[in-house]
1. Looking only at region 91-106, which residues are in contact with a helix residue (DSSP H, G or I) (Cβ under 7 Å, 6 or more places away or on another chain) and either farther than 14 Å from E51 by Cβ or away from ligand 2 (no atom under 16 Å from the Cβ) (or both)?
2. For region 119-132, indicate whether the set of residues that are in a loop (DSSP other than H, G, I, E, B), within 15 Å of ligand 2 (Cβ to nearest atom), touching a strand residue (DSSP E or B) at 6+ places or on another chain (Cβ under 8 Å) and at pLDDT 95 or above is non-empty.
3. I need the full set of residues from region 302-326 which are assigned to a helix (DSSP H, G or I) and either at pLDDT below 95 or within 16 Å of R401 (Cβ to Cβ) (or both), in order please.
4. Exactly one condition in (1) within 14 Å of ligand 2 (Cβ to nearest atom); (2) in a strand (DSSP E or B) is false for G155; which is it?
5. Kindly evaluate V380 against the criterion of being of a type in the set (V, I, T), in a loop (DSSP other than H, G, I, E, B), modelled with pLDDT of 95 or more and within 16 Å of ligand 1 (Cβ to nearest atom).
Amino acid sequence: MPIERLIFSLLQSPLVVSMTFNPVFEAEKIKDLIISWRRDFHMYPELKYEEERTSKIVEEHLREWGYSIKRVGTGIIADIGDGEKTIALRADMDALPIQEENDVPYKSRIPGKMHACGHDAHTAMLLGAGKIIAEHAEEFNGRVRLIFQPAEEGGNGAVKMIEGGALEGVNAIFGFHVWMDLPSGVIGIREGPFLAGAGIFSGKLVGKGGHGAAPHEARDPLPALAELILAYQTIVSRNVDPIETGVVSVTSVHAGTAFNVIPEKAEFKGTFRFFKGEVGELIKRRMDEIARGVAIAHNLEYELSIDELTPPTINDPEMAGFARKVAEKYGLKYGEVPPTMGAEDFSFYLQRVPGAFLALGIRNEEKGIIYPHHHPKFDVDEDVLHLGTAMEVALALEFLR
Ligand SMILES: [Zn+2]
Ligand SMILES: [Zn+2]
């Protein structure tokens, strides 16, 4: 290699970056600390809006490192530095009502509660980033805001944080989720739609109860409910454009108690998912039309309530591209992460400011870390958590340049 080329390639390599301040090396130095925080959070999981212990520990560290703190219930908005630009980094802190089945020293000490989605890891990773950023504050040419939010699991904690001012003055936001469908240590970056929008529905068909042997004297809601469930399956297969994506799942039905009694009513509920707003609207409209049509056809009354819980998580293409460049610059492994029909309340932040939701691969077959999110045997490959920390610090450093 000619000497000019060699010098050029050295200049491009992470080695040269390390001569000054390198987030990857800094994160490596506190790898064990990040793991010990994660284990502590893992042993004492707290459900949505109950994150008292977790947020207290987070707040104590951040105060000690010089952050200014604003409390939003069990959530924390922590700022450091100032300048023209502000970047926000977000972690969620809540656990799930699941009994852990892992046999590990850091197994959940709280019966019936478990960090089965990896939010313990998110909190530990961002805490690590907070420590590095505070210790090298002079390297950051602007303000860094850390958002530790409650209640991601069905509680829309993000909305509470936004109402509490989490996005005021913020120019860009990034968040991480550990990801079982990616090999350990790979950062998953995706432009555009990443996670789906989610909604719930519940309803009932109401007729007239009677003797099971005299259906002509009753108005039986059960055959009607069977029709409704099948008809709902035609919304995605017959109404939604085949190029688009949607899900309608009836997940619970309830009617009657006895073998010889026709019940008065039949209840149902379920979830729907979509990536585009117009698909969500179409699904909602068709669910209502079908329920009404089935009720009329069977001489029944119907009730249906439909709530949109979470909008789709759509990554800003420019910010996803920026994240890719940052990963490249610091020699972090990255790849494309496929979209999923799961949902994430990070979408509420992305509706308001540009940013990207990133994935950190934690699947490690050799270590037996293969169980999906929300499974009682879910675990994360702790040895890569510092890479998430490194990426968070690097995103802040590069965005504020
Ligand atoms: Zn989850
Ligand atoms: Zn999660």
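1. Result: Y106, single match.
2. No, region 119-132 contains no residue that is in a loop (DSSP other than H, G, I, E, B), within 15 Å of ligand 2 (Cβ to nearest atom), touching a strand residue (DSSP E or B) at 6+ places or on another chain (Cβ under 8 Å) and at pLDDT 95 or above.
3. E318, M319, G321, F322, A323, K325, V326
4. All conditions pass for G155, except number (2).
5. Numbers: of a type in the set (V, I, T): yes; in a loop (DSSP other than H, G, I, E, B): yes; modelled with pLDDT of 95 or more: yes; within 16 Å of ligand 1 (Cβ to nearest atom): yes.
For V380, the condition - of a type in the set (V, I, T), in a loop (DSSP other than H, G, I, E, B), modelled with pLDDT of 95 or more and within 16 Å of ligand 1 (Cβ to nearest atom) - is met.
Here's the yes/no breakdown for (1) surrounded by fewer than 16 Cβ atoms within 10 Å (Cβ to Cβ); (2) within 15 Å of ligand 2 (Cβ to nearest atom):
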| site | (1), (2) |
| --- | --- |
| L360 | no, yes |
| R363 | no, no |
| E366 | yes, no |
| I369 | no, no |
| P376 | yes, no |
| D381 | no, no |
| H386 | no, no |
| T389 | no, no |
| A394 | no, no |
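The values are calculated or read from the model by the stated rules, or taken from the named source; none is laboratory data. Quantities reported herein were computed from a predicted structural model and do not represent experimental measurements. When we count neighbours, we look across all protein chains shown, and the Cβ atoms used for this are built from the backbone with ideal geometry, even at glycine.
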